[in-house]
Amino acid sequence: MSALLELERCTKVYRVGSFGTRRLTAVSDVSFDVRAGEVVSLIGESGSGKSTIGRMILRLSPVTSGTIRFKGDDVSTYSDHRLKGYYRHAQGVFQDPFSSYNPVYKADRVLELVKIAYFPHVDRATWRSKIEASLEAVSLDPGQVLHKFPHQLSGGQLQRLLVARALLLDLEFLVADEIISMLDASTRIDVLNLLGALKARGLGILFITHDLSLGNYISDRTLILRRGAVVESGPTSEVFGDPRHPYTRSLLAAVPHLHQKWGNDTSYGFDSEQVPTALVPVGPDHLARVAV
(Lines give C-alpha, C1' and ligand atoms only; values in the text may rest on other atoms or scores of the structure.)
Protein backbone atom coordinates (compact mmCIF):
# COMPACT_ATOMS: atom_id res chain seq x y z
CA MET A 1 0.00 0.00 0.00
CA SER A 2 1.36 3.41 -0.96
CA ALA A 3 1.90 6.02 1.75
CA LEU A 4 -0.75 8.62 2.44
CA LEU A 5 1.76 11.02 3.98
CA GLU A 6 5.56 10.95 3.64
CA LEU A 7 8.33 12.91 5.30
CA GLU A 8 11.68 12.73 3.57
CA ARG A 9 14.79 14.03 5.39
CA CYS A 10 12.91 16.90 7.01
CA THR A 11 14.82 19.41 9.12
CA LYS A 12 13.59 22.45 11.00
CA VAL A 13 16.04 25.15 12.12
CA TYR A 14 15.02 28.21 14.14
CA ARG A 15 17.03 31.40 14.31
CA VAL A 16 17.35 32.45 17.94
CA GLY A 17 19.22 34.99 20.04
CA SER A 18 19.83 38.64 19.34
CA PHE A 19 19.06 39.44 15.68
CA GLY A 20 18.67 35.71 14.96
CA THR A 21 22.40 35.13 14.92
CA ARG A 22 22.23 31.63 16.40
CA ARG A 23 20.59 28.54 14.93
CA LEU A 24 18.59 25.97 16.88
CA THR A 25 17.89 22.65 15.15
CA ALA A 26 14.52 21.43 16.43
CA VAL A 27 14.09 18.56 13.93
CA SER A 28 16.96 16.82 12.19
CA ASP A 29 16.74 14.70 9.03
CA VAL A 30 13.47 12.95 9.93
CA SER A 31 11.92 10.48 7.48
CA PHE A 32 8.82 8.31 7.90
CA ASP A 33 5.45 7.68 6.34
CA VAL A 34 1.85 7.06 7.41
CA ARG A 35 -0.51 4.85 5.44
CA ALA A 36 -4.30 4.93 5.24
CA GLY A 37 -5.89 2.95 8.06
CA GLU A 38 -2.74 3.12 10.20
CA VAL A 39 -1.78 4.79 13.46
CA VAL A 40 1.87 5.81 13.78
CA SER A 41 3.02 6.98 17.20
CA LEU A 42 5.70 9.65 17.48
CA ILE A 43 7.06 9.36 21.02
CA GLY A 44 9.57 11.55 22.80
CA GLU A 45 10.18 13.77 25.77
CA SER A 46 9.10 17.40 25.94
CA GLY A 47 11.29 19.47 23.65
CA SER A 48 12.21 16.56 21.40
CA GLY A 49 10.59 18.12 18.33
CA LYS A 50 7.35 16.10 18.21
CA SER A 51 4.95 19.01 17.94
CA THR A 52 7.23 20.80 15.48
CA ILE A 53 6.86 17.83 13.13
CA GLY A 54 3.08 17.98 13.46
CA ARG A 55 3.08 21.69 12.72
CA MET A 56 5.27 21.20 9.64
CA ILE A 57 2.92 18.53 8.32
CA LEU A 58 -0.02 20.93 8.67
CA ARG A 59 1.91 23.81 7.07
CA LEU A 60 1.71 25.80 10.33
CA SER A 61 5.50 26.02 10.31
CA PRO A 62 7.69 25.87 7.19
CA VAL A 63 10.21 23.11 6.63
CA THR A 64 13.82 24.32 6.53
CA SER A 65 14.88 21.44 4.30
CA GLY A 66 13.40 18.16 3.15
CA THR A 67 10.02 17.26 1.67
CA ILE A 68 6.56 16.47 3.03
CA ARG A 69 4.27 14.77 0.52
CA PHE A 70 0.54 14.10 0.76
CA LYS A 71 -0.58 11.51 -1.77
CA GLY A 72 2.67 12.14 -3.60
CA ASP A 73 2.35 15.94 -3.80
CA ASP A 74 4.83 18.25 -2.06
CA VAL A 75 2.68 20.24 0.38
CA SER A 76 5.22 23.10 0.50
CA THR A 77 4.30 23.99 -3.09
CA TYR A 78 0.59 24.46 -2.38
CA SER A 79 -0.89 27.83 -3.21
CA ASP A 80 -3.59 29.27 -0.94
CA HIS A 81 -6.29 27.53 -2.97
CA ARG A 82 -4.55 24.15 -2.90
CA LEU A 83 -3.71 24.58 0.77
CA LYS A 84 -7.39 25.00 1.54
CA GLY A 85 -8.02 21.79 -0.38
CA TYR A 86 -5.27 20.10 1.63
CA TYR A 87 -6.98 21.08 4.88
CA ARG A 88 -10.14 19.45 3.61
CA HIS A 89 -8.26 16.15 3.88
CA ALA A 90 -5.68 16.77 6.62
CA GLN A 91 -6.46 18.24 10.02
CA GLY A 92 -4.93 18.47 13.48
CA VAL A 93 -6.26 18.22 17.04
CA PHE A 94 -3.95 19.56 19.73
CA GLN A 95 -3.19 19.25 23.42
CA ASP A 96 -5.33 21.93 25.03
CA PRO A 97 -8.93 21.71 23.76
CA PHE A 98 -9.92 24.98 25.46
CA SER A 99 -7.39 26.96 23.39
CA SER A 100 -9.26 26.09 20.19
CA TYR A 101 -12.46 27.82 21.31
CA ASN A 102 -13.34 31.47 21.74
CA PRO A 103 -15.08 31.65 25.14
CA VAL A 104 -17.29 34.48 23.85
CA TYR A 105 -18.97 32.14 21.35
CA LYS A 106 -20.80 28.89 21.83
CA ALA A 107 -18.66 25.81 21.23
CA ASP A 108 -20.44 24.76 18.06
CA ARG A 109 -19.17 27.90 16.33
CA VAL A 110 -16.13 25.76 15.36
CA LEU A 111 -18.56 23.71 13.27
CA GLU A 112 -20.19 26.78 11.75
CA LEU A 113 -16.81 28.08 10.60
CA VAL A 114 -16.38 24.88 8.54
CA LYS A 115 -19.66 25.60 6.77
CA ILE A 116 -18.61 29.18 6.03
CA ALA A 117 -15.26 28.09 4.59
CA TYR A 118 -16.16 24.89 2.77
CA PHE A 119 -19.93 24.53 2.42
CA PRO A 120 -21.42 28.02 1.98
CA HIS A 121 -24.19 26.82 -0.34
CA VAL A 122 -25.40 23.85 1.73
CA ASP A 123 -28.89 24.48 3.10
CA ARG A 124 -29.47 24.53 6.86
CA ALA A 125 -31.42 21.26 7.04
CA THR A 126 -28.71 19.35 5.18
CA TRP A 127 -26.00 20.96 7.29
CA ARG A 128 -27.83 20.06 10.49
CA SER A 129 -28.00 16.42 9.38
CA LYS A 130 -24.31 16.48 8.54
CA ILE A 131 -23.43 17.89 11.97
CA GLU A 132 -25.55 15.32 13.78
CA ALA A 133 -23.89 12.49 11.85
CA SER A 134 -20.40 13.76 12.68
CA LEU A 135 -21.28 14.15 16.38
CA GLU A 136 -22.74 10.66 16.54
CA ALA A 137 -19.54 9.32 14.95
CA VAL A 138 -17.59 10.61 17.97
CA SER A 139 -20.23 9.48 20.51
CA LEU A 140 -21.57 12.94 21.29
CA ASP A 141 -25.25 13.72 21.83
CA PRO A 142 -26.10 16.85 19.80
CA GLY A 143 -28.57 17.91 22.47
CA GLN A 144 -25.86 17.92 25.12
CA VAL A 145 -23.11 19.81 23.28
CA LEU A 146 -24.72 22.13 20.74
CA HIS A 147 -25.53 25.68 21.83
CA LYS A 148 -23.27 25.34 24.89
CA PHE A 149 -20.35 27.59 25.79
CA PRO A 150 -16.90 25.95 26.08
CA HIS A 151 -16.87 26.26 29.88
CA GLN A 152 -20.08 24.23 30.02
CA LEU A 153 -18.43 21.21 28.38
CA SER A 154 -15.76 18.84 29.64
CA GLY A 155 -12.30 18.59 28.10
CA GLY A 156 -13.21 15.24 26.59
CA GLN A 157 -16.35 16.64 24.99
CA LEU A 158 -14.39 19.57 23.56
CA GLN A 159 -11.73 17.26 22.09
CA ARG A 160 -14.35 15.02 20.50
CA LEU A 161 -16.13 18.09 19.16
CA LEU A 162 -12.89 19.08 17.40
CA VAL A 163 -12.65 15.59 15.89
CA ALA A 164 -16.28 15.90 14.77
CA ARG A 165 -15.33 19.20 13.14
CA ALA A 166 -12.62 17.43 11.17
CA LEU A 167 -15.08 14.71 10.13
CA LEU A 168 -17.33 17.32 8.51
CA LEU A 169 -14.60 17.53 5.88
CA ASP A 170 -13.35 14.75 3.62
CA LEU A 171 -10.86 13.76 6.29
CA GLU A 172 -8.12 11.29 5.40
CA PHE A 173 -5.26 12.21 7.72
CA LEU A 174 -5.25 13.41 11.33
CA VAL A 175 -2.42 14.81 13.45
CA ALA A 176 -3.37 13.98 17.05
CA ASP A 177 -0.86 16.00 19.09
CA GLU A 178 -1.00 15.11 22.81
CA ILE A 179 -4.78 15.20 22.53
CA ILE A 180 -5.40 13.27 25.75
CA SER A 181 -2.62 14.55 28.00
CA MET A 182 -4.97 17.09 29.66
CA LEU A 183 -7.87 14.64 30.09
CA ASP A 184 -8.66 12.50 33.10
CA ALA A 185 -8.03 8.75 32.97
CA SER A 186 -11.64 7.74 32.38
CA THR A 187 -11.92 10.07 29.38
CA ARG A 188 -8.55 9.15 27.89
CA ILE A 189 -9.59 5.63 26.95
CA ASP A 190 -12.74 6.97 25.26
CA VAL A 191 -10.67 9.28 23.05
CA LEU A 192 -8.16 6.50 22.31
CA ASN A 193 -10.97 4.19 21.28
CA LEU A 194 -12.35 6.97 19.09
CA LEU A 195 -8.99 7.13 17.30
CA GLY A 196 -9.19 3.36 16.86
CA ALA A 197 -12.62 3.76 15.27
CA LEU A 198 -11.28 6.43 12.90
CA LYS A 199 -8.44 4.09 11.96
CA ALA A 200 -11.00 1.39 11.15
CA ARG A 201 -12.68 3.90 8.82
CA GLY A 202 -9.43 4.18 6.86
CA LEU A 203 -7.90 7.34 8.32
CA GLY A 204 -4.16 7.68 8.66
CA ILE A 205 -3.27 9.04 12.10
CA LEU A 206 -0.04 10.47 13.49
CA PHE A 207 -0.37 10.09 17.27
CA ILE A 208 2.09 12.41 19.01
CA THR A 209 2.70 11.65 22.68
CA HIS A 210 5.28 11.56 25.46
CA ASP A 211 3.48 8.60 27.08
CA LEU A 212 4.81 5.22 25.93
CA SER A 213 1.87 3.30 27.35
CA LEU A 214 -0.60 5.28 25.26
CA GLY A 215 1.49 4.89 22.12
CA ASN A 216 1.71 1.16 22.66
CA TYR A 217 -2.04 0.91 23.21
CA ILE A 218 -3.10 2.53 19.95
CA SER A 219 -0.34 2.40 17.32
CA ASP A 220 0.70 0.04 14.55
CA ARG A 221 4.17 1.54 14.17
CA THR A 222 6.27 3.61 16.55
CA LEU A 223 9.02 6.19 16.14
CA ILE A 224 11.16 7.23 19.10
CA LEU A 225 12.33 10.82 18.82
CA ARG A 226 15.28 12.24 20.73
CA ARG A 227 16.62 15.78 20.34
CA GLY A 228 14.86 16.15 17.02
CA ALA A 229 16.10 12.90 15.47
CA VAL A 230 14.46 9.49 15.12
CA VAL A 231 16.60 7.03 17.07
CA GLU A 232 14.38 3.96 16.64
CA SER A 233 11.40 3.00 14.53
CA GLY A 234 9.46 -0.08 13.49
CA PRO A 235 6.34 -2.10 14.29
CA THR A 236 5.17 -1.19 17.78
CA SER A 237 5.46 -4.75 19.06
CA GLU A 238 9.13 -4.84 18.05
CA VAL A 239 10.05 -1.40 19.39
CA PHE A 240 8.45 -2.17 22.74
CA GLY A 241 9.30 -5.86 22.88
CA ASP A 242 12.90 -5.72 21.68
CA PRO A 243 14.21 -2.13 21.88
CA ARG A 244 17.62 -1.69 20.24
CA HIS A 245 18.57 1.89 21.07
CA PRO A 246 19.81 2.72 24.59
CA TYR A 247 17.47 5.71 24.76
CA THR A 248 14.43 3.56 23.98
CA ARG A 249 15.48 1.09 26.66
CA SER A 250 15.88 3.88 29.19
CA LEU A 251 12.41 5.22 28.40
CA LEU A 252 10.84 1.80 28.79
CA ALA A 253 12.67 1.21 32.04
CA ALA A 254 11.15 4.40 33.45
CA VAL A 255 7.52 3.37 32.84
CA PRO A 256 5.80 3.13 36.27
CA HIS A 257 4.20 -0.20 37.22
CA LEU A 258 0.92 -0.65 39.01
CA HIS A 259 2.33 -3.37 41.27
CA GLN A 260 5.27 -1.27 42.48
CA LYS A 261 5.50 1.69 44.85
CA TRP A 262 7.82 4.62 44.29
CA GLY A 263 11.12 4.07 46.08
CA ASN A 264 10.88 0.27 46.11
CA ASP A 265 12.68 -0.18 42.79
CA THR A 266 16.03 1.45 42.14
CA SER A 267 15.83 0.86 38.38
CA TYR A 268 14.05 4.20 37.93
CA GLY A 269 17.05 6.19 39.12
CA PHE A 270 19.24 6.58 36.05
CA ASP A 271 20.92 9.40 34.27
CA SER A 272 19.26 10.30 30.97
CA GLU A 273 22.58 9.81 29.20
CA GLN A 274 23.14 6.32 30.61
CA VAL A 275 21.66 2.92 29.91
CA PRO A 276 19.95 1.35 32.93
CA THR A 277 21.52 -1.83 34.25
CA ALA A 278 18.34 -3.86 33.85
CA LEU A 279 15.34 -3.58 31.57
CA VAL A 280 12.10 -3.72 33.50
CA PRO A 281 9.75 -6.14 31.69
CA VAL A 282 7.07 -4.11 29.90
CA GLY A 283 4.58 -6.01 27.77
CA PRO A 284 1.71 -4.75 25.62
CA ASP A 285 -0.98 -6.10 27.96
CA HIS A 286 0.58 -4.43 30.96
CA LEU A 287 0.94 -1.10 29.19
CA ALA A 288 -2.66 -1.22 28.04
CA ARG A 289 -3.74 -1.58 31.66
CA VAL A 290 -1.63 1.44 32.60
CA ALA A 291 -3.32 3.46 29.87
CA VAL A 292 -6.76 3.01 31.38
Practice task
List every residue pair whose Cβ atoms lie under 9 Å apart, where the two residues are 6 or more positions apart in sequence or sit on different chains, the first residue falls within the stretch 177-191 and is farther than 12 Å from Gln95 by Cβ and in contact (Cβ under 8 Å) with a residue 12 or more places away in the chain, and the second residue, located anywhere, is surrounded by fewer than 16 Cβ atoms within 10 Å (Cβ to Cβ) and among the hydrophobic types (A, V, I, L, M, F, W, C).
Solution key: Ala185/Val292; Arg188/Val292; Ile189/Val292
Exercise for the section: Evaluate the stretch 56-79: report whether one residue or more is among the polar types (S, T, N, Q), at pLDDT 90 or above and either at positive phi or crowded, with 19+ Cβ neighbours inside 10 Å (or both). Expected result: no
Exercise for the section: Those residues that are of a type in the set (A, V, I, L, M), within 17 Å of Gly54 (Cβ to Cβ) and crowded, with 19+ Cβ neighbours inside 10 Å, I need them from the stretch 207-233; list them, please. Expected result: Ile208, Leu214, Ile218, Leu223, Ile224, Leu225, Val230
Problem - Answer from Leu162, Leu168 - the residue that is in contact with a strand residue (DSSP E or B) (Cβ under 6 Å, 6 or more places away or on another chain) and either touching a residue at least 12 places away in the same chain (Cβ under 8 Å) or buried (at least 17 other Cβ atoms within 10 Å of the Cβ) (or both) - result: Leu162
Exercise for the section: Pairs only if they're at least six apart or on different chains, beta carbon under 7 angstrom, first in the stretch 71-87 and β-branched (Val, Ile, Thr), second part of a loop (DSSP other than H, G, I, E, B) and surrounded by 10 or more Cβ atoms within 10 Å (Cβ to Cβ); list them, first residue then second. Expected result: Val75/Arg59
Exercise for the section: Name, by its number, the condition in (1) surrounded by fewer than 17 Cβ atoms within 10 Å (Cβ to Cβ); (2) modelled with pLDDT under 90; (3) of a type in the set (Asp, Glu) that does not hold for Glu178. Expected result: (1)
Exercise for the section: Output the strands (runs of 3 or more DSSP E) that fall wholly within the stretch 122-238 and possess 3 or more residues being within 23 Å of Lys71 (Cβ to Cβ), or say none. Expected result: 173-177, 204-209
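The values are calculated or read from the model by the stated rules, or taken from the named source; none is laboratory data. Worth saying up front: this structure is predicted, and the values here are computed from it rather than measured. Using ideal geometry, Cβ is built from the backbone for each residue, glycine included, and neighbour counts are taken over all protein chains shown.
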